[in-house]
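Bear in mind that the values in this text are calculations on the coordinates, not laboratory data. Remember, it's a predicted structure, so these values are computed and weren't measured experimentally. Note: ideal-geometry Cβ built from the backbone for every residue, glycine included; neighbour counts use all protein chains shown.
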Amino acid sequence: MKKKVNIAIIGGSGYWSDRNHNKNILELKDELTIQLTAIVDPIDPRTVNINNNTIKLCTIDNTVWINPKDFKNTDEIIKNLKEKLDVNLVIIASNPCAHFEYGISCLKYGINVICDKPIISNYNASTSIAAASHIREQYNELLEAYYRARRQYPNLMFHSILRRRSLESFTKVANELNKVYKKTKAGINNMTMLINGGVCKLPAELSNPGAHGYLDGVGSLSHSAYHYIDAIAWFVSMAPGKTVEIVPKLNYITRINDYLDSETYTSIVSIINASQDSLLKPKLSKETLGCELNVGFTFIMNNKENIQVGIISLLFNHISFTTRINNYDKSVREPGDHKGGGRMSQSFIDVHQEGLQNWQIMKNNVALGDNTILLQGRRHPSIEGVGFECKNYENAYDTGISMKELLAHAIKYIAEEKDLIGHSVIRELPEERLAIDIYTSCYELIAREYNSEPLQVPGIKI
Ligand SMILES: NC(=O)c1ccc[n+]([C@@H]2O[C@H](COP(=O)([O-])OP(=O)(O)OC[C@H]3O[C@@H](n4cnc5c(N)ncnc54)[C@H](O)[C@@H]3O)[C@@H](O)[C@H]2O)c1
């Protein structure tokens, strides 16, 4: 390696930084010249006792804690990282609504960025139409800044890592769709994504802060649903067929106020014998009460004559079956991040490519527990390959490319001062366009429904 890579993590005191970024940096220290130079977070990383990897890494690397409150603005923080601490890679792992301000500032100062999903969210996008539309504007601003920065620093990287894209089962489906598309021009004409988040939050927990909380005025779409919006964009790009435009429609939505009114958490409460204080409904802002939990969209696929050629359904149920056994604990910010928290990651994905093939991905796991994916494919007899293919992936997260390998790959390119190439999983900023367009339109619909405005948004060009 030519150059040492000095890393700063925004939101480095959080759960995902500990279980993923900081763990990977610790493990990669044997093979790469890297240092966790700074953590930018309102929480002192050394005070979060359950974050063992973070505490160990901060001790080895003598990591500097930067509290954003001590700086005038984000630019001052990033300038300090660059000029005083010589940071050349920033990993953004804070609450999604803070990603943009750090990202744009890093581009201004020519620092490489790896950004967790979603690359952008916006405060109160669930209830304000203007805030929802602003996501698209921020993406455009980020893109302009990226092209501008690359004129000065030609190898500068800004990319997001999406775990679904690295799994062998998802990659296999994308490749099979693309193979048949290249041969026949057949496109996806029917796709269903049914996702169950398996989250159970007790009323008192709804006022907890954090990336998977609701105080920023955004809900499940900014949590895990983005993975599946990205998968829709990805699969459609692999086999668009005659589709030139997709038109999103909102079919149902359950918001926090509906959840509180329905009291559908009571069966879990009685099973785990939750204390009375867990049932106290906190005083929440109208923006938090309006956050989306369960949402259902359809996306009409139109050809250039505006004739419908297909349909996609995305049903994202954040609140669904859960194996939660953990009782209420005031000091626990996100019960789903703990063993026994019961956060599920179940999906059923069914993709049809005209009459030529059908692929199904069934993912079934509890966060922090075993994870399996069942992949099934059926091909028309005239299509090359076996008629029926079935594979069961035990430990599905260990298949494909690991998060550690991706980080190592990016670090090597920064150290060698080369332009990042090589992994299809790594999404450079311009490649997020379609996913961001869909995601923004979904938020626009959610906010329109909240404001009793007509449930219509313009079609999205693909
Ligand atoms: N939890 C997961 O399984 C998971 C998986 C993949 C990706 N992610 C992504 O990682 C990111 C973090 O998620 P998490 O689960 O670690 O959440 P978390 O709430 O545990 O951590 C977020 C951290 O960001 C800090 N933070 C909040 N606002 C900030 C600001 N303005 N500046 C600096 N720091 C700020 C918080 O204090 C906290 O320490 C999110 O973008 C999330 O989508 C999480």
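Can you list the aspartates and glutamates whose alpha carbon is less than 13 Å from that of K179, not counting same-chain residues fewer than 8 positions off?
Hits, sequence-local ones excluded: E384.
Within a Cβ distance under 9 Å of K404, other residues only, what is the Lys/Arg minus Asp/Glu net charge? Write down the numbers at each step before the final one.
Numbers: positive: K23; negative: E27, E405.
Around K404, the charge tally is -1.
Just name one of N20, A239, G197: the one whose Cα is farthest towards the positive end of the charge dipole of the chain (beta-carbon charges, Lys/Arg +1, Asp/Glu -1).
After comparing all options, I get A239.
How many Lys pairs in segment 5-161 lie less than 23 angstrom apart by Cα atoms, where the lysines are 8 or more positions apart or on different chains?
16
Among all the aspartates and glutamates, which ones have a C-alpha under 19 Å from K201's C-alpha, if same-chain residues fewer than 8 places away are not counted?
D216, D258, D261, E263, D277, E287, E292, D329, E334, D337
In whole Å and largest first, what semi-axes does the C-alpha gyration tensor of the chain yield when each eigenvalue is scaled by 5 and square-rooted?
The three semi-axes for the chain are 33, 29, 23 Å.
Within 13 Å, Cβ to Cβ, of N190, how many net charges do the neighbouring residues add up to if Lys/Arg are +1 and Asp/Glu are -1?
For residues surrounding N190, the net value is -2.
Taking the Cα-to-Cβ direction at D30 and at S382 and moving 7 Å from each Cα, how far apart do the two end points lie in nm?
A separation of 5.4 nm, rounded to one decimal place.
Net charge around I55, counting only other residues with Cβ within less than 10 Å of its Cβ (Lys, Arg = +1; Asp, Glu = -1)? Write out the running numbers ahead of the final one.
Details: positive: R46, K56; negative: D18.
Its environment carries a net charge of +1.
Return the distance in nm (one decimal) between the two label points of a simple spin-label model at N67 and K108, each offset 7 Å from Cα along Cα→Cβ.
Going from the N67 label point to the K108 one covers 2.4 nm.
If the only charges are +1 at each Lys and Arg Cβ and -1 at each Asp and Glu Cβ, what is the size of the charge dipole of the chain around the Cα centre, to the nearest 20 debye?
It comes to approximately 680 debye.
Full-extension gain between D44 and T59, please, as 0.36 nm times their residue separation minus the C-alpha to C-alpha distance. Spell out each step's value before the answer.
Numbers: separation 15, 0.36 × 15 = 5.40 nm, distance 1.30 nm.
Extra length from D44 to T59 when fully extended: 4.1 nm.
Which pairs, out of K183/K461; K412/K461; K391/K461, put more than 25 Å between their alpha-carbon atoms?
K412/K461; K391/K461
Stretch E263-W16 to full length: gain in nm at 0.36 nm per residue minus the Cα-Cα span?
Values: separation 247, 0.36 × 247 = 88.92 nm, distance 2.99 nm.
Between E263 and W16, full extension yields an extra 85.9 nm.
Nearest 500 deg cm²/dmol is fine: what mean residue ellipticity at 222 nm does the chain get from its DSSP H runs of n ≥ 4 alone, each adding -39,500 (n - 2.57), divided by its residue count?
-9500 deg cm²/dmol
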